[in-house]
Amino acid sequence: MKIPLMIPSITEVDIENAVRVLRSGQLIQGKEVDFLEKSIAGLVGTKHAICASNGTATLHLALVALGIGPGDEVIVPAFSYIATANVVELVGAKPVFVDIEPDTFCINASLIASQITNKTKAIMPVHEFGLMADMDAINQIAVEYNLHVIEDAACALGAKQKLLHAGATGHIGSFSFHPRKAITSGEGGVITTNDDNIAHKLRVLRNHGIEYHDGKMEFTAAGFNYRLTDFQAALMHNQLTRLQDMILYKNNLASQYATSITNASVQLPLIPEQRKHTWQTFHIIWSGKIGRNEVIAQLLAEGIGTNYGAQCIPAQKYYQAKYRLNVESLFPNANKAYNQGIALPIYDKLTHEEVNYVSEKLNKIK
Ligand SMILES: *Cc1c(COP(=O)(O)O)cnc(C)c1O
């Protein structure tokens, strides 16, 4: 493959940092994780950051810490990575799907209120592909109906709406360090919050329910082991330092795509005003004569890696079997984004020449 969909930004310095920790023999969660947590809290602008083993564990911890369980409902977008809804199922609650906006691919805030019942406990917007959902509108609804807000910011480390960072606008923010995300430790994740009580619960639940009282270890909750390792944290220290440069460069690449893609069958992603996009994915909608899968195959034949962006979750087998929702009529935008969406390569190692090459090949497809 000439141009893969994604190449993680791992440098020799990052590798050195991880190896230094491996040589030290201190592998599990320790001072490297502490340091990363302080750096992330500083970047996002929250009082607390709590690392965990991946971006699904962080969402799971968030729901458990908020006491969400059987009989409760959580509002989620119909278009996201499947984990957003799976965690709601895993705590025994019901995901209530809401359609997305056709151009930002984020939850349509104006459709949320009609889905709220007396069982609704939380709204879980997704900052899809690195662009923040309309948090002003979502937080207004949450205040009105007294709901928690969990930002699934898995793809959106560094994103902003006006002056606030992703992960700092709701009660809890959740990020992933999967190789497809902004910075990576292979597997990993982090939760952000300003709430001392929630932060304490998250830390206890992450580590087997352990608390110390007067130096004595006590098991005060049926917790998980959702810890991050110290060598993973060290791998990300320098990536975090480079984050703003990477975001800036990806914004350049996105602007370049927006001008160099001239195929009339391609709908480009919208960038709303007052939101800083991190471009985890450059996601287009294909509406040409041939199908989306054929476009992916033709690009692959030219050495270009592309893929679907995310899933229409209620259309997936488990959710169809359980809820039988008519996705075409209920979630037309999520359904379209799922069936006609294509994620194009975008990462800091991608060159301007390569963006031109991808655009040129895409422009030739009818
Ligand atoms: C990647 C992703 C997750 C899951 O993160 P993992 O670290 O892979 O578990 C959850 N939600 C969204 C929106 C994601 O993109």
- prompt: In the chain, what percent of the accessible surface is made up of carbon and sulfur (1.4 Å probe, ligands and nucleic acids excluded)?
  reply: 54 percent
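For the chain, what class follows from the C-alpha gyration tensor (a ≥ b ≥ c being the square roots of its eigenvalues): rounded when a/c is under 1.5, otherwise prolate if a/b is larger than b/c, else oblate?
Taking the square roots of the gyration eigenvalues as a ≥ b ≥ c, the chain is oblate.
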query: Among rounded, prolate and oblate, which fits the range 211-366 when a ≥ b ≥ c are the square roots of the eigenvalues of its C-alpha gyration tensor, a/c under 1.5 means rounded, and a/b larger than b/c means prolate?
result: oblate
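Arrange the peptides 357-366, 329-338, 258-267 so that the one whose residues have, on average, the most other Cβ atoms within 10 Å appears first.
Values: 357-366: 16.9, 329-338: 19.8, 258-267: 14.7.
Result, highest mean Cβ count within 10 Å first: 329-338, 357-366, 258-267.
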message: Name the residue from Leu228, Leu243, Ile304 whose Cα lies farthest towards the positive end of the charge dipole of the range 218-366, charges +1 on Cβ of Lys and Arg and -1 on Cβ of Asp and Glu.
response: Ile304
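How high is the relative contact order of the range 309-366, given as a whole-number percent (alpha carbon pairs under 8 Å, six or more residues apart)? Spell out each step's value before the answer.
Working: 23 pairs, mean separation 19.5, N = 58.
Across the range 309-366, relative contact order equals 34 percent.
Would you mind putting 19-27, 75-83 in packing order, based on average other-beta-carbon counts within 10 Å, highest first?
Values: 19-27: 12.7, 75-83: 25.8.
Top of the packing list down: 75-83, 19-27.
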message: Taking the Cα centroid of the range 111-167 and of the range 304-358, what is the distance between the two, rounded to the nearest whole Å?
response: 21 Å
- prompt: Which whole-Hz couplings ³J(HN,Hα) result when phi for each residue of the range 320-335 is put into the Karplus expression 6.51 cos²θ - 1.76 cosθ + 1.60, θ = phi - 60°, listed in order with x for Gly and Pro?
  reply: 5, 4, 7, 10, 6, 7, 7, 5, 4, 8, 7, 10, x, 6, 5, 5
message: Excluding same-chain pairs closer than 8 in sequence, count the lysine pairs in the range 1-135 whose Cα atoms lie under 29 Å apart.
response: 5
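Mind checking the dipole of the chain: about its Cα centre, +1 per Lys or Arg Cβ, -1 per Asp or Glu Cβ, Debye to the nearest 20?
Working: 32 positive and 34 negative charges, 109 e Å.
For the chain, the charge dipole is close to 520 debye.
Counting helices only, and only those DSSP H runs with n ≥ 4, report the 222 nm mean residue ellipticity of the chain as the sum of -39,500 (n - 2.57) divided by its residues, in deg cm²/dmol to the nearest 500.
It comes out at -12000 deg cm²/dmol, rounded to the nearest 500.
Using Cα pairs under 8 angstrom and six or more residues apart, how large is the relative contact order of the chain, in percent? Provide the component values of the computation, followed by the final result.
Working: 801 pairs, mean separation 85.5, N = 366.
Relative CO of the chain lands at 23 percent.
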statement: Phi angles of the range 133-148, converted by Karplus (6.51 cos²θ - 1.76 cosθ + 1.60, θ = phi - 60°) into ³J(HN,Hα) in whole Hz with x for Gly and Pro, give 5, 6, 5, 4, 5, 5, 5, 5, 5, 4, 5, 4, 9, 6, 10, 7
task: Provide the packing ranking of 137-149, 104-116, i.e. peptides ordered by the mean count of other C-beta atoms within 10 Å per residue, highest first.
output: 104-116, 137-149
task: May I ask you to derive the relative contact order of the range 50-142, considering only C-alpha pairs under 8 Å and at least 6 residues apart, and to give it as an integer percent?
output: 28 percent
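The values are calculated or read from the model by the stated rules, or taken from the named source; none is laboratory data. This structure is a prediction, so every number in the text was calculated from the model and none was measured. With ideal geometry, Cβ positions are generated from the backbone for all residues, glycine too; neighbour counts draw on all protein chains shown. Calculation scope for accessible area: heavy atoms of the full protein, side chains included, ligands and nucleic acids excluded. Shrake-Rupley method; radii C 1.70, N 1.55, O 1.52, S 1.80 Å.
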